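The values are calculated or read from the model by the stated rules, or taken from the named source; none is laboratory data. Only a predicted model underlies this, so the values are computations on that prediction, with no experimental measurement involved. Quick reminder, even Gly has a Cβ in these numbers, built from the backbone with ideal geometry, and neighbours come from all protein chains shown. The area values use the complete protein model at the heavy-atom level, side chains included, leaving out ligands, DNA and RNA. Shrake-Rupley method; radii C 1.70, N 1.55, O 1.52, S 1.80 Å.
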Amino acid sequence: NVVRVPLRWYWGEGDTAGQSDQESRMTEAPGHIKPEMLALLDRHIKWATDQKLWVVLFIGSDPIWGDQAFLKEYSEVWEFLANRYKDTPYIAAYEILAEPHPKEPYTQEDVKNFFRMNINAIRKYDTKTPTIIGAAKAVGCATGTYDVRCLEAIYMGDIPNMIYTFNFYEPPQYVKGERRGGGSYPGTFYNEGTKSNFYVDKNYLASLIKYGTDFSAAHQVPLFVNQIGVTMATGGSDQYTTDA
């Protein structure tokens with residue numbers, strides 16, 4: 001009963017830059033969004049909410065970290081969106097930035113400050129709808145963004161009405177095993193970081209989920225498991241899905 005609806009506002013630098021059929025950014029337009037893309041976003045949100053599906057609206061493209069003018073424009077996009085959809089029923093939450101990838105070097109405080117700026121922009125118009133945030137990669141607790149082990153690193157207890165999120169592609173040696181030579185579930189896998197084997201079963205999955213449940217209980221905050229899954233062709237995928 002929930003669907004994530006993306007706004008691909010800024011596609012990024014490098015090979016994907018300037019893909020005008022996919023990028024929504026137009027600085028001089030209302031909300032800094034191309035009118036045709038805004039109309040498309042309106043239509044998709046209406047389709048979902050008319051069917052009483054809860055919508056998580058998110059921007060799924062990293063900003064230019066360190067560019068203050070760009071970051072200001074990014075927050076103005078959220079201010080515009082919050083004002084536009086604040087009275088729309090079945091808006092579940094605003095996910096400020098899916099899977100943040102700030103440029104090195106950075107700290108989690110840098111990521112928190114980015115979130116604070118955008119939360120403040122949203123709450124100029126909408127204090128009711130929760131905001132969703134998740135951690136960037138953090139030293140000592142993660143192999144990547146939105147890691148369940150990194151929730152504590154992004155916690156902001158001074159801001160109410162928050163939902164914390166993580167992805168659960170765990171362990172990657174298994175769920176992405178088709179291209180990494182992984183085996184079947186349940187079974188033994190190899191950890192490149194520790195150079196050791198480990199056994200993956202329902203108890204192992206529970207030990208990882210416990211990072212989330214412990215965090216939620218300690219701070220009395222809700223969690224949103226953002227992405228979860230396994231390639232169907234991977235051995236034991238039905239049992240893995242049931243156990244997870």
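Key figures for this structure:
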item: Sites excluded, GluC sites (Glu not before Pro) in DSSP loops with at most 14 other C-beta within 10 Å, longest stretch of the chain; result: 29-191
item: Tilt relative to the chain, helix 202-219 - C-alpha long axis, 0 to 90 degrees, to 10; result: 40 degrees
item: Electrostatic dipole magnitude of the range 113-198 [Cβ: Lys, Arg +1; Asp, Glu -1; Cα centre; debye, to 20]; result: 180 debye
item: Dipole moment magnitude, nearest 20 debye, the range 153-218 about Cα centre, only Lys, Arg, Asp, Glu C-beta charged; result: 240 debye
item: Heavy atoms of Asp110: accessible area, 1.4 Å probe, square angstrom to 10; result: 80 Å²
item: Positive-end residue of Gln22, Trp78, Leu57, charge dipole of the chain with Cβ unit charges; result: Leu57
item: Sulfur and carbon atoms: percent of accessible area, the range 167-244 [1.4 Å]; result: 52 percent
item: Average accessible surface area per residue within the chain, 1.4 Å rolling probe, Å²; result: 51 Å²
item: Most positive-pole-ward Cα, Phe115, Met156, Pro100, against dipole of the chain from beta carbon charges; result: Met156
item: Gaussian network model of the chain, Cα within-10 Å springs - most flexible of Gly144, Gly157, Gly60; result: Gly157
item: Using a Förster distance of 45 Å, the FRET efficiency for Asp201-Asn113 (Cβ separation, nearest 0.05); result: 0.65
item: Pairwise Lys count, the chain - Cα closer than 17 Å, eight or more residues apart or different chains; result: 10
item: Cα-centre dipole for the chain with unit charges at Cβ (Lys and Arg positive, Asp and Glu negative), debye to 20; result: 420 debye
item: Helix 35-50 vs. the chain, principal-axis angle (Cα, 0 to 90°, nearest 10); result: 60 degrees
item: For the chain, built as a Gaussian network whose Cα springs stay under 10 Å, the top-fluctuating residue of Val56, Val77, Val225; result: Val225
item: Antiparallel DSSP beta bridges within the chain, as percent of all bridges there, nearest 5; result: 25 percent
item: At most 11 other Cβ within 10 Å, DSSP loop - trypsin sites (Lys or Arg not before Pro), the range 171-244; result: Lys195
